[in-house]
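Trainee: Below you'll find the structure I mean.
The values are calculated or read from the model by the stated rules, or taken from the named source; none is laboratory data. Model, not experiment: these values are computed from the prediction. Quick reminder, even Gly has a Cβ in these numbers, built from the backbone with ideal geometry, and neighbours come from all protein chains shown.
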Amino acid sequence: MTDNSKIVQLPLDATIARTLRAGDWVRLQGALLGARDAVHRRLFEAIQQERELPVALMGETIYYVGPCPGRGEKACGSAGPTTSGRMDRYTPALLEKGLLGMIGKGKRSEAVVTAIKDRGAVYFAALGGAGAIYGTRINSIEVVAYPELGPEALFRMEVVDFPAIVAIDSRGCDLYEAGPASFRRDL
């Protein structure tokens, strides 16, 4: 983490989300949701069927994670990011419902980048392989929906100094595109 990282309070404020730029290092503080594929599928189906969602998504940030249980006094064990592309099919619909932030690893589809830009949202990249570190940044965790999914349930987590980098900002600037493009220019 660089010394110039920005502290970003969660849930996200739309005005703050719009000030973040691709490449910004951040330390997230506050409440976020944790969910993987199965939860996204269920939320998407509920939206399609015009059913009430188990949580309001307005201003929320979802971390793509299936956390391991904590040991002893620890609220959470390893909590590394899941590949974000697996959620791409569902993401535009969730953004329409007010989702403002996502945390995961890897590239997003063109449709998701467009939806992020249209909604003034932000996608944060977390480091793959750093699950043990991320687990120490989760102070509390509780299941809020779909407990039958076990570690793939919908969780609410309280995080402190959760390190991430803005990978796609509200203007549609995408580090996964801009980074390689700068190297191609230099070759």
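Trainee: Hey, could you check region 35-82 for residues that are aliphatic (A, V, I, L, M) and not in a loop (DSSP other than H, G, I, E, B) and say which is nearest to residue 14 (Cα to Cα)?
Mentor: Step one: list which residues in region 35-82 are aliphatic (A, V, I, L, M), which gives 35, 38-39, 43, 46-47, 53, 55-58, 62, 65, 75, 79.
Add one more test, that the residue is not in a loop (DSSP other than H, G, I, E, B), and what stays is 35, 38-39, 43, 46-47, 62, 65.
Details: 35: 21, 38: 27, 39: 24, 43: 22, 46: 25, 47: 22, 62: 15, 65: 23 Å.
Selected residue: 62.
Trainee: Same structure, new question: Within region 97-143, track down each residue that is surrounded by 15 or more Cβ atoms within 10 Å (Cβ to Cβ), part of a helix (DSSP H, G or I) and either of a type in the set (Gly, Ala, Ser) or in contact with a Lys or Arg (Cβ under 7 Å, 6 or more places away or on another chain) (or both).
Mentor: 115, 117, 131, 135
Trainee: Are any residues in region 1-34 β-branched (Val, Ile, Thr), surrounded by 13 or more Cβ atoms within 10 Å (Cβ to Cβ) and assigned to a helix (DSSP H, G or I), and if so, which ones?
Mentor: 16, 19
Trainee: Here's a follow-up. Has region 167-177 got any residue that is under 18 Å from residue 81 (Cβ atoms), exposed (fewer than 13 other Cβ atoms within 10 Å of the Cβ) and modelled with pLDDT under 95? Working first, answer last.
Mentor: Let us first name the residues in region 167-177 that are under 18 Å from residue 81 (Cβ atoms), namely 167-168, 174-176.
Applying the additional criterion that residues be exposed (fewer than 13 other Cβ atoms within 10 Å of the Cβ) yields none.
No, region 167-177 contains no residue that is under 18 Å from residue 81 (Cβ atoms), exposed (fewer than 13 other Cβ atoms within 10 Å of the Cβ) and modelled with pLDDT under 95.
Trainee: Starting from residues that are touching a Leu at 6+ places or on another chain (Cβ under 6 Å) and small (Gly, Ala, Ser), keep the ones in region 69-103 and report whichever is nearest to residue 49 (Cα to Cα).
Mentor: Among those residues, the one meeting the criterion is 98.
Trainee: If residue 72 satisfies all but one of (1) touching a strand residue (DSSP E or B) at 6+ places or on another chain (Cβ under 9 Å); (2) free of Cβ contacts under 8 Å to residues at least 60 places away in the same chain; (3) under 18 Å from residue 142 (Cα atoms), what's the number of the condition it fails?
Mentor: The failed condition is (1).
Trainee: Being loosely packed, with under 15 Cβ neighbours inside 10 Å, under 22 Å from residue 87 (Cα atoms) and touching a residue at least 60 places away in the same chain (Cβ under 8 Å) is the requirement here; does residue 67 meet it?
Mentor: On the way: loosely packed, with under 15 Cβ neighbours inside 10 Å: no; under 22 Å from residue 87 (Cα atoms): yes; touching a residue at least 60 places away in the same chain (Cβ under 8 Å): yes.
Answer is no for this residue.
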